Each structure stands twice: as structure tokens, then as C-alpha cells.
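*Asks:* Here it is, the structure in full.
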Amino acid sequence: MDAQGILTDLVARKAADIFIVTGRPLSYKTGNVIEVAGLQPLLPDDTRELIRQIYALADSRPFEYLGEKGDDDFSFAIKGVSRFRVNTFKQRGTLSAVIRVVSFDMPDPSALAIPAQVLELANLRRGLVLVTGPAGSGKSTTLASIINHINNTRNAHVITLENPIEFLHRHNKSIVTQREISIDTESYAVALRAALRQSPDVILIGELRDAETISIALTAVETGHLVFSTLHTVGAVNTVDRLVDSFPAEQQNQVRMQLSMVLQCVVSQQLVPRSDGRGVVAAFEIMYGNNAVRNLIREGRTHQISSVINTSAAEGMVGMDNSLLALYRAGQISHDAMLSHALAPEALAKQAG
């Protein structure tokens with residue numbers, strides 16, 4: 001089996017994700033549908049050989065790491081084909097992989113229907129901006145679009161800390177330095193501390209995974225930097241709660257105070273299947289850190305943030321459920337899809353009629 005030939009073929013078939021799993025034929029996802037690329041289920045030796053070849057294509061990554069740790073993240077490129085983001089892992093004693101196909105080109109914000117006010121976050125000079133959503137919801141694509149906008153319009157030093165690197169940014173008006181966790185640096189926390197000594201204007205952190213990284217990120221913002229990052233949460237309320245709950249109880253009041261002073265915006269997004277079955281469409285929630293939101297965060301009354309979002313449309317805020325309702329009324333998503341992605345489905349069902 002030839003891994004490079006398989007990947008080249010599946011990119012030509014417009015695959016978004018590729019699945020190498022023992023007991024199932026080679027499979028790939030287009031839109032929201034998983035298709036089969038072969039007739040025969042893969043045997044354990046098949047998956048091991050394909051994954052070994054993939055590590056060889058990513059020549060900076062030792063295959064032995066997977067055997068030691070049980071899972072691994074990395075990225076690589078095949079010239080003239082595509083970039084690939086890879087997660088390899090053990091399951092039921094065999095090796096498996098899920099591979100995301102990433103275009104060489106920067107994403108087109110208009111094709112992804114990224115709202116203009118999200119791209120305008122590139123104009124901020126300081127503060128914390130969070131792009132959130134479940135895995136596979138397009139967070140990396142949205143952030144890449146924002147960083148690309150900064151690169152094309154501002155004279156700045158942008159540092160990205162990613163695991164793995166997905167989109168490659170070429171220096172334009174900005175200097176963009178990209179560091180991959182475990183290859184270029186030990187961890188997000190170590191890389192972030194170093195970044196503060198590298199004269200950054202903008203820092204992108206692939207994910208706020210733990211209290212240590214969150215704490216250093218808040219310090220970076222407090223010292224006058226613009227910081228972008230992601231969390232696997234849906235909705236601004238859940239995002240703020242997740243950040244605060246990452247810390248011990250005795251530190252949470254201090255974190256609320258810090259967050260209330262530096263949070264500029266939370267963009268939450270979900271990909272929803274289109275009603276015509278042709279792929280997915282993005283629903284966005286946008287919350288800005290205005291005075292009302294800052295007070296609610298500081299006082300621990302995050303459950304009231306949704307009300308502020310829903311009454312602040314004039315400031316550009318959009319609630320997730322209102323975004324879903326607009327997509328439903330435009331005929332882009334079904335009633336069932338709208339409710340299955342809603343934060344308050346019962347209330348939204350009444351509103352939709």
C-alpha cells in the first residue's frame with residue numbers, strides 16, 4: 001500500500017478527513033458524509049504500514065513516539081498536493097489515524113461566510129480574543145483568516161504557537177513566526193513564556209489547555225499584547241465558565257477580575273448540515289466585552305451574558321440561537337438541524353414557530 005498515492009487520490013476526491021482504522025475499509029469524509037475508498041477492511045498490518053509511511057512523509061516525526069505515548073499530533077505536506085494535519089492513536093491494540101486535509105492556500109473568508117466583524121478583530125491592538133466551538137467546527141480556519149488579514153494589512157510581529165501547524169503564513173506586511181509544539185518547543189506554556197521575550201505584537205495560541213497556559217496568556221494580554229486562542233466550548237457563557245473553572249476555587253475571583261479587564265471578544269461557531277445535503281454552513285455567536293459583559297464576568301453572573309448578547313445587536317453581537325434561526329429562515333438548514341445545535345432548543349422552537 002502506498003500512503004502518498006492514497007492521499008493524493010483522496011485529495012482529488014475532495015476529501016476533508018481521511019480515516020485509517022483497522023476492521024474498516026479506507027474511508028474519507030466529504031461535507032458531512034463518510035464514504036468508503038476501498039473494498040477490503042484494513043488489517044492491523046495494513047494500518048501499521050500506512051501509518052509508518054505517513055511518519056516517513058513527515059520526516060521530522062519519529063514513528064516510535066506513537067508506540068511510547070499511544071497518540072500523536074503532527075502535520076506535513078506533499079508538494080503539489082496538500083498539507084495534512086494528522087492524529088495517530090492506538091485503539092483495541094492496533095494503530096489508527098485520522099487525517100485532516102488542509103489546503104496550501106489561505107482560506108477564503110467569503111466562501112466560509114465568516115462575518116465581517118470577525119475579520120475586523122484583526123484591527124485590535126490589545127486584549128484577548130477567543131474562537132470557540134466543538135472539534136472540527138472551523139476554529140483554525142477562522143483564526144487563519146484573521147491572522148492572514150493582519151499579515152496583509154499591518155506592520156507587526158505575529159507569533160503562532162500551534163499543535164500542529166495547519167496553515168503556513170508567508171511574511172507579507174507582517175513578520176509571522178510559527179512554532180509547532182513538541183517539534184520547535186516543549187509545550188504551550190514554555191513557548192508562550194519565550195514569546196514574551198520575542199517582541200510580539202500578536203500571539204496566537206492553538207488552544208488554552210490548562211490553568212498554566214491560561215495564566216500566562218492573561219499576563220501576556222495585561223502587558224499590552226493582542227492574544228488569540230481557542231477552546232472546545234459552544235457559546236460565550238460556557239467559554240467564560242470553562243476558563244474560570246480551570247483554576248482552583250481560591251484563585252477564581254482573581255481570574256474573573258483579570259478576564260473582565262482583558263476579554264475583547266468571544267466568537268463561537270458550529271458547522272451545521274445544509275438542508276439540501278450539500279455540505280455544511282457555519283453558525284456564529286459573537287460577544288464583545290462591553291461594560292455590561294465585563295461587570296457580569298467580574299461578579300460571577302455569567303448566566304446573564306446571553307441576555308446581554310441578545311439585546312446588543314446594535315453593537316454587532318449575535319446569539320448562537322439567533323444565528324441558527326436566521327439560517328433556518330433563509331432555508332439553509334432544517335428545523336431539526338437548527339434545534340439539535342441550539343443552546344436553548346425549547347425556547348428556539350417556540351420562536352421559530
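*Asks:* So in the chain, what percent of DSSP beta bridges are antiparallel if you round to the nearest 5?
*Replies:* On the way: 38 of 64 bridges.
Approximately 60 percent, going by the DSSP bridge assignments.
*Asks:* In whole Hz and in residue order, list the ³J(HN,Hα) couplings for segment 279-290 that follow from phi through the Karplus curve 6.51 cos²θ - 1.76 cosθ + 1.60, θ = phi - 60°; x for Gly and Pro.
*Replies:* x, 10, 10, 8, 10, 10, 10, 10, 10, 9, x, 7
*Asks:* Arranged by the count of other C-beta atoms within 10 angstrom, fewest first, what order do LEU327, LEU130 take?
*Replies:* Values: LEU327 22, LEU130 26.
So the ranking, lowest neighbour count to highest, is LEU327, LEU130.
*Asks:* Which shape class, rounded, prolate or oblate, goes with segment 173-265 when its Cα gyration tensor gives a ≥ b ≥ c as root eigenvalues, a/c under 1.5 marks rounded, and past that a/b bigger than b/c marks prolate?
*Replies:* Details: a/c = 1.75, a/b = 1.57, b/c = 1.11.
Verdict is prolate for segment 173-265.
*Asks:* Also, quick follow-up: At a Cα cut-off below 23 Å, give the lysines reachable from LYS139, other chains included and same-chain residues fewer than 8 away excluded.
*Replies:* Partners within reach: LYS14, LYS29.
*Asks:* Still on this structure, please answer the following. How big, on average over all directions, is the shadow cast by the Cα convex hull of segment 1-61, in nm²? Let's see the in-between values first.
*Replies:* Working: hull surface 16.8 nm².
If I average the Cα hull's projected area over directions, I get 4.2 nm².
*Asks:* On to the next question. I'd like the distance between the alpha-carbon centres of segment 301-319 and segment 42-99, rounded to an integer number of Å.
*Replies:* Measuring centre to centre over Cα atoms gives 43 Å.
*Asks:* Now for a different question. Using helices alone, I'd like the mean residue ellipticity at 222 nm for the chain: each DSSP H run of four-plus residues gives -39500 (n - 2.57), total over residue count, nearest 500. Please list the in-between numbers first.
*Replies:* Working: 14 runs with 128 residues, N = 353.
-10500 deg cm²/dmol, from helical runs alone.
*Asks:* Looking at segment 95-201, which chymotrypsin sites (Phe, Trp or Tyr not before Pro) are DSSP coil and have at most 14 other C-beta atoms within 10 Å of their C-beta? Working shown, then result.
*Replies:* Details: sites: PHE104, PHE167, TYR188; in loops: PHE104, PHE167.
Sites meeting the loop and neighbour criteria: PHE104.
*Asks:* With springs only between Cα atoms under 10 Å apart, run a GNM on the chain and tell me which of GLY23, GLY319, GLY80 wobbles the most.
*Replies:* Of GLY23, GLY319, GLY80, the most mobile in the Gaussian network model is GLY80.
*Asks:* Label point 7 Å out from ASN32 along Cα-to-Cβ: which residues of segment 260-276 have amide N under 19 Å?
*Replies:* Once the point is set 7 Å along Cα→Cβ of ASN32, 268-276 turn out to lie under 19 Å by backbone N, inside segment 260-276.
*Asks:* Now, a different point. For the chain, which longest stretch is free of loop sites, where a loop site is one of the GluC sites (Glu not before Pro) that DSSP puts outside H, G, I, E and B and that has at most 12 other Cβ atoms within 10 Å? Before the final figure, lay out each step's value.
*Replies:* Details: sites that count: GLU186, GLU299.
Between exposed loop sites, the widest span is 1-185.
*Asks:* Cα convex hull of the chain: how many Å³ per residue?
*Replies:* Working: hull volume 54.1 nm³, N = 353.
For the chain, the hull spanned by Cα atoms encloses 153 Å³ per residue.
*Asks:* Around GLN351, with a cut-off of 14 angstrom between Cβ atoms, what is the net charge of the other residues, counting Lys and Arg +1 and Asp and Glu -1?
*Replies:* Numbers: positive: ARG329, LYS350; negative: ASP321, GLU346.
With Lys, Arg at +1 and Asp, Glu at -1, the net is 0.
*Asks:* Let me ask something else. To the nearest 20 debye, what is the magnitude of the charge dipole of the chain about its Cα centre, counting +1 on the Cβ of each Lys and Arg and -1 on the Cβ of each Asp and Glu? Mind dumping the intermediate values first?
*Replies:* Details: 33 positive and 36 negative charges, 120 e Å.
Value, rounded to 20: 580 debye.
*Asks:* A further question follows. With a Cα-only, solvent-free Debye model of segment 119-183, what are the log10 I(q)/I(0) values at q = 0.16, 0.20 Å⁻¹?
*Replies:* After summing over all Cα pairs, the log10 values are -0.55, -0.85.
*Asks:* Could you compute the FRET efficiency for GLN198 and GLN304, with r as their C-beta to C-beta distance and R0 at 30 Å, rounded to 0.05? Walk me through the numbers before you get to the answer.
*Replies:* On the way: r = 39 Å, r/R0 = 1.31.
In this case the efficiency is close to 0.15.
Values in this text are rule-based calculations from the coordinates and carry no lab data. Since the model is a prediction, treat every value here as computed from it, not as a measurement. Positions of Cβ are generated from backbone atoms using ideal geometry, with glycine treated the same way; all protein chains shown enter the neighbour counts.
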